[in-house]
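The values are calculated or read from the model by the stated rules, or taken from the named source; none is laboratory data. Fair warning: this is a prediction, and the values are worked out from it, not measured in the lab. Quick reminder, even Gly has a Cβ in these numbers, built from the backbone with ideal geometry, and neighbours come from all protein chains shown. Just the protein is used for accessible areas: all its heavy atoms, side chains included, with ligands, DNA and RNA removed. Shrake-Rupley method; radii C 1.70, N 1.55, O 1.52, S 1.80 Å.
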Amino acid sequence: MLIDWFTVLAQAINFLILVWLMKRFLYRPILHAIDEREKKIAAELADADAKKAEARKERNDFERKNAEFDQQKSELFSQATEDAKAERQRLIEQARQAADSYTTKRQESLRIDARNLDKAFIQRTQQEVFSIARKALIDLAGVSLEERMCETFTDRLRGIDGMAKARLTETLRSSSDPAIVRSAFQLSESQRQKIQQTFSEIIAKEILVRFETAPDVICGIELTINGQKIAWSLADYLSSLEENVDQILNNKQMITPGAESNSKDTHLAESHS
Amino acid sequence: MRLSPDELIFWQFGFFKINATIVFTWATMLLLIVASKLITRKLSTDLHRTRWQNLLEIIVCGIEKQIADVGLSHPLKYLSFLGTLFLFLATASLCTIFPGYEPPTGSLSTTVALALCVFVAVPMFGIEAHGLGDYLKSYIEPTVIMLPFNIISELSRTLALAVRLFGNMMSGAMIIAILLTITPLIFPIFMTALGLLTGMVQAYIFTILAAVYIAAATRIRQPNSKSDGAL
């Protein structure tokens, strides 16, 4: 008999026991370990996915920010370019204005210089004219002229009247100092007597007269006493003439200050002539 | 010369006896349990694990995949039964390389016991899946006339399972024993190697057939998918 039924029974029981033991000691722990590992891997994969998603999100954010930054950069750049252009325009305008102003100032300065030159030239011319006149008169002063001047002086003394005569008379009478008669040339004795005589006629009294020679009295005679002065000389006429000429020139400058700016050369030429 | 390890009896008390089949079965069981216990004592759930754990995981996952390939939708439910079946048979075959070891599967009693286990397990899984009525109804499909044939089919395939395994394992052991008496050198080694291959193939066949039977029982509403292994 190949089949022993007790053995069959025992083996069946053995097998069932083995099934239970294997389940207890092998399958359950192994499957548990595999499940745990799979869970862990799944968790890690999920974590990796989450990180990936986060990284993607961050990358998108970064790209968006980058794009915004680029846009801002280009905007700022264009704005800066515009500003620079405007600033350049402004600076050019300012420089042009400064140049204009400088040119105007320079023109004004040139005009003033020209005017000063004109003035100096005119003054010099005037001085020269008068100095020539004075020199000519001094050179021409001779005996006859001196005679004539002396007469003219005495005539003037006689011609004094009214208040001036009274004041002169009073001064001559009350003065203790001698009256000083100054002339450009040496008076002759007759001339001195004549002058003395004339004083006497005027104030009816003999007075002390001192005669002096003073070259600065151009072609003339003057009487000085106690601060009062009676004189006749060509210098007076010359001074008068000089004042008149100055006045005329000043008036001319006052009348035509604007008209002369554009025609300096013409003006100078006119001044020369 | 013994035809079966059943005949080597160590202890007997009336009906109860302890023969070589039972002892070698216990030895195999002990080996399996101790090895499992030792390896699973410090299992790692990390990515790094020991080589032994790797081996066990490969075996368990391989069995699970095979069960799934057969067509069982919930392989983990059948893993304990089918996996133990395979591991027991494979271990018994592998241990034949140890001199003096006689595979318990070389005993018809053992193979009958295992076949009976399958014979009982198939309807149990079938009933669990679809209920008693539906399961019993499968015996009268497609017609009532098929009832005796279905019953004969159930019985005969169980007997075929038992005898196929016994025949292969016993023949292997017998061939080696005969060859040892004729040519004690070289040839027994080849035959042992062949016996190992045969044993592994038989373990695989036994387990796959059991899985197919269970699959057929749990897919009872599709009679065309019911297949019988002819191996």
Quick one: what pairs do we get from region B:149-160, first residue closer than 18 Å to residue B:208 by Cα, second outside any helix (DSSP H, G or I), C-beta under 7 Å, 6+ apart or different chains?
B:153/B:228; B:157/B:228
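Kindly indicate whether residue A:137 is touching a residue at least 40 places away in the same chain (Cβ under 8 Å) and more than 20 Å from residue A:216 (Cα to Cα).
Details: touching a residue at least 40 places away in the same chain (Cβ under 8 Å): yes; more than 20 Å from residue A:216 (Cα to Cα): no.
So residue A:137 fails the test.
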Members of region B:4-43 found to be part of a loop (DSSP other than H, G, I, E, B) and facing another protein chain (nearest Cβ under 7 Å), listed by number:
B:4, B:15, B:43
Looking at residue B:98, is it at pLDDT 90 or above and either of a type outside the set (A, V, I, L, M) or open to solvent by less than 20 Å² (accessible area, probe 1.4 Å) (or both)?
no
Could you tell me which residue of region B:198-212 is nearest to the chain's Cα centre (by Cα), considering only residues that are at pLDDT 90 or above and of a type in the set (Ser, Thr, Tyr)?
B:207
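Which is more than 14 Å from chain A (Cβ to nearest Cβ) and either part of a helix (DSSP H, G or I) or within 10 Å of the chain's Cα centre (by Cα) (or both), of B:94, B:82? Steps first, answer last, please.
Working: B:82 fails: more than 14 Å from chain A (Cβ to nearest Cβ).
Matching residue, one of B:94, B:82: B:94.
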Residues (without any contact (Cβ under 8 Å) to a residue 40 or more places away in the chain, closer than 19 Å to residue A:213 by Cβ and assigned to a helix (DSSP H, G or I)) located in region A:155-201:
A:189, A:190, A:192, A:193, A:196
Members of region A:17-39 that are farther than 15 Å from residue B:43 by Cα and facing chain B (nearest Cβ under 7 Å):
A:18, A:19, A:21, A:22, A:23
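Taking into account only those residues within region A:95-133 that are among the basic types (Lys, Arg) and touching a residue at least 60 places away in the same chain (Cβ under 8 Å), which is farthest from residue A:243 (Cα to Cα)? Talk me through it step by step, then tell me what you get.
Here is the first cut: in region A:95-133, the residues among the basic types (Lys, Arg) are A:96, A:105-106, A:111, A:115, A:119, A:124.
Now restrict to residues that are touching a residue at least 60 places away in the same chain (Cβ under 8 Å): A:111, A:115, A:119.
Details: A:111: 26, A:115: 20, A:119: 15 Å.
Going through the qualifying residues, I end up with A:111.
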The residue that is surrounded by the fewest Cβ atoms within 10 Å (Cβ to Cβ), considering only those in region B:44-62 that are more than 9 Å from chain A (Cβ to nearest Cβ) and among the aliphatic types (A, V, I, L, M), is B:58
Identify the residue in region A:197-213 that is among the aliphatic types (A, V, I, L, M) and at pLDDT below 80 and, among all such residues, is most open to solvent (accessible area, probe 1.4 Å).
A:208
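How many of the residues in region A:202-218 are over 14 Å from residue A:181 (Cβ atoms) and either of a type in the set (A, V, I, L, M, F, W, C) or assigned to a helix (DSSP H, G or I) (or both)? Working first, answer last.
Of region A:202-218, the ones over 14 Å from residue A:181 (Cβ atoms) are A:203-206, A:215-216, A:218.
Now restrict to residues that are either of a type in the set (A, V, I, L, M, F, W, C) or assigned to a helix (DSSP H, G or I) (or both): A:203-204, A:218.
Matching residues across region A:202-218 total 3.
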Over region A:1-16, the set of residues outside any helix (DSSP H, G or I) and more than 7 Å from chain B (Cβ to nearest Cβ) is A:1
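Can we say residue A:233 is among the polar types (S, T, N, Q), at pLDDT below 75 and under 19 Å from residue A:133 (Cα atoms)? Working first, answer last.
Details: among the polar types (S, T, N, Q): yes; at pLDDT below 75: yes; under 19 Å from residue A:133 (Cα atoms): yes.
Yes.
Assess whether residue B:106 counts as being in contact (Cβ under 8 Å) with a residue 60 or more places away in the chain and either out of contact with any His (no Cβ under 6 Å at 6 or more places or on another chain) or surrounded by fewer than 14 Cβ atoms within 10 Å (Cβ to Cβ) (or both). Let's see the steps before the verdict.
Numbers: in contact (Cβ under 8 Å) with a residue 60 or more places away in the chain: yes; either out of contact with any His (no Cβ under 6 Å at 6 or more places or on another chain) or surrounded by fewer than 14 Cβ atoms within 10 Å (Cβ to Cβ) (or both): yes.
Spelling it out, residue B:106 is indeed in contact (Cβ under 8 Å) with a residue 60 or more places away in the chain and either out of contact with any His (no Cβ under 6 Å at 6 or more places or on another chain) or surrounded by fewer than 14 Cβ atoms within 10 Å (Cβ to Cβ) (or both).
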Residue match in region A:108-123 (condition: open to solvent by less than 100 Å² (accessible area, probe 1.4 Å), closer than 30 Å to residue A:199 by Cβ and in contact with a helix residue (DSSP H, G or I) (Cβ under 8 Å, 6 or more places away or on another chain))
no
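For every residue, the table says whether it meets (1) of a type in the set (Phe, Trp, Tyr); (2) within 11 Å of chain A (Cβ to nearest Cβ); (3) open to solvent by less than 10 Å² (accessible area, probe 1.4 Å).
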{"site": "B:110", "(1), (2), (3)": "no, yes, yes"}
{"site": "B:117", "(1), (2), (3)": "no, yes, no"}
{"site": "B:123", "(1), (2), (3)": "no, no, no"}
{"site": "B:130", "(1), (2), (3)": "no, no, no"}
{"site": "B:137", "(1), (2), (3)": "no, no, no"}
